[in-house]
Amino acid sequence: MLEMNPAPVLVEDMIALTQRLYHEARLLDAERFEDWLELLCDDVTYRMDLKRRRFRADRSPPAAVGAGVVFNENIARLKLRIDRLRSGYVWAEDPPNFVRRVISNVEIEPADAENEVIVHSVIVIHRNRIDGLARQFTAGRTDRWRHGTQGWCLAARDIALDHAVLPDSNINVFF
Amino acid sequence: MDVSDLVDTTTGRQKRTIYSNEELYKQELERIFGRCWLFLVHTSQIPKAGDYFRTFMGEDDVIVIRQKDGSIKAFLNSCTHRGNRICRADRGNAKAFTCNYHGWSFAPDGSLAGVPLENEAYFGELDRSKLGLVQVTHVAEYKGLVFGCFDPDAPSLEDYLGDAKFFLDVWLDAMPGGTSLLGETQKMELGSNWKLPVENVCGDGYHLGWAHAGAMSAVQSMDLAGLSVGNSSTNLEGGLSVAGMNGHMALTSLDGISGYAFYPEPKPMMDYLEANRPTAIERLGKVRGEQLWGSQINITIFPNLQFLPGLNWFRVYHPKGPGKLEQWTWAMVENDMPDEMQAAILDNQCLTFGLAGLFDNDDGDNLAACTEQSRGWRTAQMDVFTNMALGRSGPRDGFPGDIAAGLVSEHNQRYFYRRWQEHMQAESWAEVPTYNINSLSVEEPENA
């Protein structure tokens, strides 16, 4: 467990980072992917691991080669996904779906590096696709944001998806 | 329900009602999922005594458990007292399964081990020996793949698989170390009839260049038997659509490398294939060792198991009503592959055919829409067609099965629906035909 550093996070940082999360959500809702990429550090890591659903008392070891992932992306992989979405051939996204992100439970704490902070948040993504088909993804996020000359950039995002079975036929969205 | 007019394999026609009719669906649960051998688990997923894995046979919830003696048994995941589910975890290791409702406890061998207040409330009159978990009638393994079957009159698993073993062995038996499935189960809910994804993967090379055009244009390394973005070209010489093996199918390229040539960093994969090619040839013979091992292959075991050496995903579809299914996927590896290669395969499988798979994410909406467009009063009466390359199949030297050239053909789908119809019409296994068309009378060198 991460130890809470007694040094408080500055109020202006809290405001700036919370605003950044909201801004990010609005960019993604509007499919402004290139503008979103501007908010990411060049060495960003973007992960969503597959979760285990085991009994609490279960002591079976984790999988040797790994549990597998939903996302395990660096900047190049994120760009690859954006290339696909921008290709004009992703038929499931045309007409564009109604997508809205709700960001909540924002909590900021200091990180080990002086110019970084840890930001916890919850994201709910609503999508209305064909006709009345509405689906919702809920996930928790633990981010590391880094402050540089361009302001805050996202250095790492770990996403915990709260669904044992994905309730939709694709994840053509970013969390 | 009579299904004789719902499928016509001579013209490649299906009535759309087969994707939406409730009565037909119940008949499928009885005559297909209640009768066929169904994939349960890979031995690598339950290596030790007490290891268990929860899965489905049709809509029946099943726990598969490794026994103390190393054998594998499967049971209905349902308490014999009031029917409650006794295991709510996906998998793990357990010494017992205790029902949440009244605390009845079952041992890994299925026996009823404990009943609270057995003497006080039942006055010691409960015959525990008759109240063990209900066992799946047959459980058998084929080279790491464990199957279960509810029907006491079913043929043996080996006979059920028939000549599909020719292709199964390209994955399961090319290397001495065997195979494994990796990681947690990647589960997705689709608003599709279960037959549509099976039929899509068993033979539909036609959709690749169109449905997946977005991913293919982004992932430049993708080249499958000359298929190109926008379906602008294909190469009929590069692959085979193989069917007529008891309802099982294969779709394969023939170059011996294309499965792994897709990878973002194919070099270590190519090195592995080169280093181990002689072993594969020794174990499988020249045709399979040279042309199939390392190729992109889609293998379908009727009714709901598919795996793709090369892209290395392994999948079952669990029906959840006529218009819904759960798709379960894992990455698959040969155990002789070095750890880094296994990790790269797992990562690439998740990237391409995982829950956010660049390719996989293109299919769901098409299959769901085909399902929905079979539900209307008028559309339910309509036909759909798998009539491409009709009458253009035959034998091919060195391969079993009825074979059509190329990956773009609807040859395999016709055989899928033929098998569906054969099962749906049959009252029992005795009425289900067995056929292995163009069976190879003389096997390639036997080494296994």
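Could you tell me which numbered condition B:Glu199 fails, if it satisfies all but one of (1) in a helix (DSSP H, G or I); (2) closer than 22 Å to B:Tyr142 by Cα; (3) in contact with a helix residue (DSSP H, G or I) (Cβ under 9 Å, 6 or more places away or on another chain)?
The one condition B:Glu199 does not meet is (2).
Can you tell me which residue within segment A:65-100, out of those that are in a strand (DSSP E or B) and open to solvent by 20 Å² or more (accessible area, probe 1.4 Å), is nearest to the other protein chains (Cβ to nearest Cβ)? I'd like the intermediate steps shown before the answer.
Pass one, segment A:65-100, residues in a strand (DSSP E or B): A:69-73, A:98-100.
From the residues that got through so far, the ones that are open to solvent by 20 Å² or more (accessible area, probe 1.4 Å) too are A:72, A:98-100.
On the way: A:Asn72: 6, A:Phe98: 15, A:Val99: 15, A:Arg100: 19 Å.
Looking at the filtered set, the residue picked out is A:Asn72.
Identify, please: which residue in segment B:70-79 is in a loop (DSSP other than H, G, I, E, B) and buried (at least 19 other Cβ atoms within 10 Å of the Cβ) and is, among those, nearest to the chain's Cα centre (by Cα)?
Pass one, segment B:70-79, residues in a loop (DSSP other than H, G, I, E, B): B:70-71, B:77-79.
This time we only want the ones that are buried (at least 19 other Cβ atoms within 10 Å of the Cβ), so: B:77-79.
On the way: B:Asn77: 21, B:Ser78: 25, B:Cys79: 28 Å.
That would be B:Asn77.
So which strands (runs of 3 or more DSSP E) stay within segment B:361-448 end to end and still have 1 or more residues that are more than 24 Å from the chain's Cα centre (by Cα)?
Values: elements: B:383-385, B:393-396, B:399-405.
By residue number, B:383-385, B:393-396.
Only one residue in B:Gly92, B:Gly124, B:Gly110 is in a loop (DSSP other than H, G, I, E, B), surrounded by 13 or more Cβ atoms within 10 Å (Cβ to Cβ) and not hydroxyl-bearing (Ser, Thr, Tyr), so which one is that? Break it down stepwise before answering.
On the way: B:Gly92 fails: in a loop (DSSP other than H, G, I, E, B); B:Gly124 fails: surrounded by 13 or more Cβ atoms within 10 Å (Cβ to Cβ).
So the residue among B:Gly92, B:Gly124, B:Gly110 that is in a loop (DSSP other than H, G, I, E, B), surrounded by 13 or more Cβ atoms within 10 Å (Cβ to Cβ) and not hydroxyl-bearing (Ser, Thr, Tyr) is B:Gly110.
Pull up segment B:256-305, narrow it to residues that are assigned to a helix (DSSP H, G or I), among the small types (Gly, Ala, Ser) and at pLDDT 95 or above, then point me to the one that is surrounded by the fewest Cβ atoms within 10 Å (Cβ to Cβ). Outline the logic, then answer.
Initial filter on segment B:256-305 (assigned to a helix (DSSP H, G or I)): B:258-261, B:267-284, B:286-292.
Cutting the leftovers down to among the small types (Gly, Ala, Ser) gives us B:258-259, B:261, B:275, B:280, B:289.
Among the residues that remain, those that are also at pLDDT 95 or above are: B:275, B:280, B:289.
Values: B:Ala275: 10, B:Ala280: 22, B:Gly289: 23.
The residue in question is B:Ala275.
Taking the criterion of being within 10 Å of chain B (Cβ to nearest Cβ) and touching a residue at least 60 places away in the same chain (Cβ under 8 Å), would at least one residue in segment A:21-33 satisfy it? Show your work before the answer.
Going residue by residue through segment A:21-33, those that are within 10 Å of chain B (Cβ to nearest Cβ) are none.
For segment A:21-33, residues within 10 Å of chain B (Cβ to nearest Cβ) and touching a residue at least 60 places away in the same chain (Cβ under 8 Å): absent.
Which of the residues that make up segment B:309-340 are open to solvent by less than 10 Å² (accessible area, probe 1.4 Å) and among the hydrophobic types (A, V, I, L, M, F, W, C)?
B:Trp313, B:Phe314, B:Val316, B:Leu325, B:Trp328, B:Trp330, B:Ala331, B:Met332, B:Val333, B:Met337
Which fully enclosed strands (runs of 3 or more DSSP E) of segment B:1-69 have 3 or more residues being crowded, with 19+ Cβ neighbours inside 10 Å? Give the steps one after another, and end with the answer.
Numbers: elements: B:13-15, B:38-42, B:51-57, B:60-66.
Here the list reads B:38-42, B:51-57, B:60-66.
From the list A:Asp143, A:Asp58, A:Asp112, A:Asp49, which residue is free of Cβ contacts under 8 Å to residues at least 12 places away in the same chain and either buried (at least 16 other Cβ atoms within 10 Å of the Cβ) or within 12 Å of chain B (Cβ to nearest Cβ) (or both)?
Numbers: A:Asp143 fails: free of Cβ contacts under 8 Å to residues at least 12 places away in the same chain; A:Asp112 fails: either buried (at least 16 other Cβ atoms within 10 Å of the Cβ) or within 12 Å of chain B (Cβ to nearest Cβ) (or both); A:Asp49 fails: free of Cβ contacts under 8 Å to residues at least 12 places away in the same chain.
Going through A:Asp143, A:Asp58, A:Asp112, A:Asp49 in turn, just one is free of Cβ contacts under 8 Å to residues at least 12 places away in the same chain and either buried (at least 16 other Cβ atoms within 10 Å of the Cβ) or within 12 Å of chain B (Cβ to nearest Cβ) (or both): A:Asp58.
The values are calculated or read from the model by the stated rules, or taken from the named source; none is laboratory data. The shown structure was predicted, so the numbers you read here are calculated from the model rather than taken from an experiment. Here the Cβ is made from the backbone with ideal geometry for all residues, glycine too, and neighbour counts use every protein chain on show. Side chains included, ligands, DNA and RNA excluded: accessible areas come from the protein's heavy atoms. Shrake-Rupley method; radii C 1.70, N 1.55, O 1.52, S 1.80 Å.
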